[in-house]
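Note sheet for the following structure.
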Amino acid sequence: MRPRVYYFEIPVTDLERAITFYSVVFGCEFDRVDVDGNQMANFPSLEGESGAFGALAKGDSYIPSVQGVRVYFDTDSIDKTLANAVAAGGKVLYPKTSVGKFGWVAEFEDSEGNCIALSQLLSG
C-alpha cells in the first residue's frame, strides 16, 4: 500500500488572525466548524479535485511551530503568493528556489509561527 495525504491541519493560536492571513495569501474563504471542542476553518475544496484538503485548527493540542511538518501548497505564482504572505504580515523563510525539472519551491512563516511551503510546477 502506498500512503497518501488525505487531510491536514495547520495549528493556530488566533483563528481570526489566521483566517485573515490565509484569505490574503490565497484569496479564499473558509468554512468554520467546531470539531470535538476545537475551532476549525476549512480551506475550500472542489468536489472531484484530487489532492488533500485541510483546515486551520485551534485547540489545546494545536501548537504552531516552524520546526514541524511542512505542508506544500501548489500555486500558479510563487512570487505573487510570497508577496501576499509578506503583505499579510508573514515573512519569507526560504526564497523561491529552482528544483530543476519540477519547478520551484519556497517557504514562508505564517501569522501563527508555522512554516508553510509553496510549490510551483513548470508549465508545459
Tilt, helix 15-26 to longest principal axis of the chain (alpha-carbon atoms), in degrees rounded to tens, equals 20 degrees
Listed by chain and number, the aspartates and glutamates with an alpha carbon less than 12 angstrom from that of residue 91, same-chain partners under 8 positions apart left out, are 107, 109, 110, 112
With Cα coordinates, the longest principal axis of the chain makes an angle with the long axis of helix 78-87, in degrees rounded to 10, of 40 degrees
Inter-part gap, Cα centre of the stretch 29-59 to Cα centre of the stretch 89-124, in whole angstrom, is 22 Å
Expected vector for the stretch 103-112, Karplus 3J(HN,Hα) from phi with 6.51, -1.76, 1.60 and θ = phi - 60°, integer Hz, x for Gly and Pro, equals x, 9, 9, 7, 9, 9, 8, 7, 5, 9
Residue-normalised value, i.e. accessible area per residue, for the chain at 1.4 Å probe, in Å², stands at 64 Å²
A 1.4 Å probe over the protein heavy atoms gives the chain a carbon and sulfur accessible-area percentage of 51 percent
Per residue, the convex hull enclosing the Cα atoms of the chain spans a volume in Å³ of 139 Å³
For the stretch 7-115 the GluC sites (Glu not before Pro) that pass both the DSSP coil test and the at-most-13 other-Cβ-within-10 Å test are 29, 47, 49
For the chain the mean separation of alpha carbon contacts under 8 Å (6+ apart) over residue count, i.e. relative contact order in percent, is 26 percent
From DSSP H assignment alone, runs of 4+ in the chain each adding -39500 (n - 2.57), the sum over residues rounded to the nearest 500 puts [θ] at 222 nm at -5500 deg cm²/dmol
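Show me the trypsin sites (Lys or Arg not before Pro) within the stretch 35-124 that DSSP assigns to loop and that have at most 14 other Cβ atoms within 10 Å of their Cβ.
Here the trypsin sites (Lys or Arg not before Pro) that fit, given the DSSP loop and packing criteria, are 70.
The values are calculated or read from the model by the stated rules, or taken from the named source; none is laboratory data. Treat the numbers as computed from the prediction; the structure is a model and nothing was measured. Neighbour counts are summed over all protein chains in view; Cβ atoms, including those assigned to glycine, are modelled from backbone coordinates with ideal geometry. Just so you know, the surface numbers come from the protein's heavy atoms only, side chains and all, with ligands and any DNA or RNA stripped out. Shrake-Rupley method; radii C 1.70, N 1.55, O 1.52, S 1.80 Å.
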